[in-house]
Structure formats: C-alpha cells, structure tokens
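FYI, it's all coordinate maths here, none of it is from the lab. It should be emphasised that the depicted structure is a prediction, and the values quoted were computed from it without experimental measurement. Here the Cβ positions follow ideal geometry from the backbone for every residue, glycine too, while neighbour counts run over all protein chains shown.
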Amino acid sequence: MEMQAQSMAETGSEGNSASRANALQHGLTSKKLLPKALQGERVEHYRKRLRRELEPATTVEGVLVDEMARHAAMMEFSEQTEGAVLRHGASELASLLKTV
C-alpha cells in the first residue's frame with residue numbers, strides 16, 4: 001500500500017520518467033515492438049511457405065498452420081532483438097555496479 005501511495009504521488013516529468021523506467025524493466029514496451037513483429041510480411045512469408053509445404057485440409061489444420069506462421073515470425077523477431085536486449089541489460093548492470 002505504501003508503494004502504491006508513493007507511485008501515485010509521483011507526478012509530472014519525474015513520475016513520467018519513473019513510469020517509463022518501470023515499463024522498460026517489466027517489458028511493457030512490447031506494445032510498441034510486438035505489433036511490428038506480427039504485421040505483414042514475415043507472418044505472411046511463413047504462412048505461404050507452411051501452407052505450401054503442409055497443405056492443410058481442414059479448418060483446424062489451417063488454424064494451426066496460421067499459428068505456426070505467427071510463432072515462427074515471433075521467434076525470428078525475438079532472435080533479432082535478443083542481442084539488443086542483452087546489451088541494454090549489460091549496460092544497465094554496469095551502471096548499477098558503478099553506483100555501488
């Protein structure tokens with residue numbers, strides 16, 4: 001309850017900065033990143049390849065192929081961003097260690 005009161009008391013640019021830092025720490029910035037990974041080209045690329053290879057014959061098979069395409073695109077996106085996330089985390093850790 002005390003933390004909630006403190007959070008509610010933070011306003012203005014200080015509160016906004018704290019909110020942004022919290023969102024970064026807890027991954028809430030995915031609202032900006034994930035939709036990009038789920039749009040257009042990459043999902044459609046995998047969907048076409050998987051449909052051609054697996055030739056789904058039923059609605060359920062079609063849904064599963066579409067999900068596989070979405071997951072393949074997300075895995076590709078995750079692999080591409082993993083290095084950046086690790087570098088950012090290492091940078092944050094180094095900053096914290098300097099203050100200790």
*asked:* Name the single residue that is surrounded by the fewest Cβ atoms within 10 Å (Cβ to Cβ) among those in segment 48-100 being part of a helix (DSSP H, G or I) and β-branched (Val, Ile, Thr).
replied: Thr99
_Looking at segment 67-91 only, could you name the residues that are within 20 Å of Glu41 (Cβ to Cβ) and either touching a Cys at 6+ places or on another chain (Cβ under 7 Å) or not aliphatic (A, V, I, L, M) (or both)?_
Glu67, Arg70, His71, Glu76, Phe77, Ser78, Glu79, Gln80, Thr81
